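**Student:** Sharing a structure here in structure tokens format.
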Amino acid sequence: MGELNEKPFYGACKSRYGHEDAEMKAAELISQWQEELKKPSWHPYKRVEIGGETKEVVNEDDPKLRDLWLNFGDEVCNAVKTALAELNEYNASGRYVVPELWNFKEDRKATLKEVLRYIIRQCKSNKRQRT
């Protein structure tokens with residue numbers, strides 16, 4: 001959790017820089033923003049009260065995020081905001097990527113039941129291959 005989704009960066013760079021330079025520019029931009037996410041001095045959050053509970057959410061008016069949005073559009077900015085929200089939820093103090101079991105079919109965290117079902121299926125499959 002907290003890792004940037006690279007697809008929006010490639011798409012934005014392709015339309016902005018052309019097909020030839022897109023991959024290199026996207027890789028540079030991804031690296032730059034991955035490093036930016038790790039900086040504890042950058043704190044683009046604001047506290048909001050929701051239902052009597054105070055929560056930290058990504059500040060849409062942060063100058064760096066606004067500049068990113070103006071230069072590369074919604075999808076790239078949303079990818080950074082998603083990574084920021086995940087970092088804040090899973091590891092607010094350290095700001096480093098945390099591995100998470102993921103259900104790609106449903107685009108959400110996998111439940112323990114799903115993980116166990118997958119492991120058992122893999123064990124059975126391997127057992128059949130050996131015999």
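Values quoted throughout were computed directly from the atomic coordinates according to the rules given, and no laboratory measurement underlies them. Owing to the predicted nature of the structure, the values given are computational and were not obtained by experimental measurement. Cβ sites come from the backbone with ideal geometry, for glycine too, and all protein chains shown count toward neighbours.
**Student:** When the chain is fully extended, how far beyond the present Cα-Cα distance does GLU75 get from MET24, taking 0.36 nm per residue of separation?
**Tutor:** Values: separation 51, 0.36 × 51 = 18.36 nm, distance 1.86 nm.
So the chain would gain 16.5 nm between GLU75 and MET24.
**Student:** If you don't mind, there's one more thing I want to ask. Pick from ASN71, ASN88, ASN103 the residue whose mean-square fluctuation is largest in a GNM of the chain, springs joining Cα atoms under 10 Å.
**Tutor:** In the Gaussian network model the winner is ASN103.
**Student:** Can I ask one more? List the lysines whose Cα sits under 16 Å from the Cα of LYS105, skipping any in the same chain fewer than 8 residues away.
**Tutor:** LYS113
**Student:** With θ set to phi - 60°, apply the Karplus curve 6.51 cos²θ - 1.76 cosθ + 1.60 along the range 109-126 and write out the HN-Hα couplings as whole Hz, x wherever there is a Gly or Pro.
**Tutor:** The phi angles translate into 5, 7, 7, 4, 4, 5, 5, 5, 4, 5, 5, 4, 4, 5, 5, 5, 5, 5 Hz.
**Student:** Counting helices only, and only those DSSP H runs with n ≥ 4, report the 222 nm mean residue ellipticity of the chain as the sum of -39,500 (n - 2.57) divided by its residues, in deg cm²/dmol to the nearest 500.
**Tutor:** Per the formula, -18500 deg cm²/dmol.
**Student:** What's the Kirkwood radius of the chain in Å, using all Cα pairs?
**Tutor:** Taking the inverse mean of 1/r over all distinct Cα pairs, the chain comes out at 17.2 Å.
**Student:** If amide hydrogens are placed 1.01 Å from N in the peptide plane, which non-local residues have theirs closer than 5 Å to the one on TYR45?
**Tutor:** Amide H neighbours of TYR45, under 5 Å, 5+ apart: ASN59.
**Student:** Once you charge only the Cβ atoms, +1 for Lys and Arg and -1 for Asp and Glu, what is the size of the charge dipole of the range 1-123 about its Cα centre, to the nearest 20 debye?
**Tutor:** The calculated dipole for the range 1-123 is roughly 420 debye.
**Student:** For a Förster distance of 22 Å, can you work out the FRET efficiency between the beta-carbons of VAL115 and ALA85, rounded to the nearest 0.05? Can you show the working numbers first?
**Tutor:** Numbers: r = 23 Å, r/R0 = 1.06.
That gives a FRET efficiency of 0.40.
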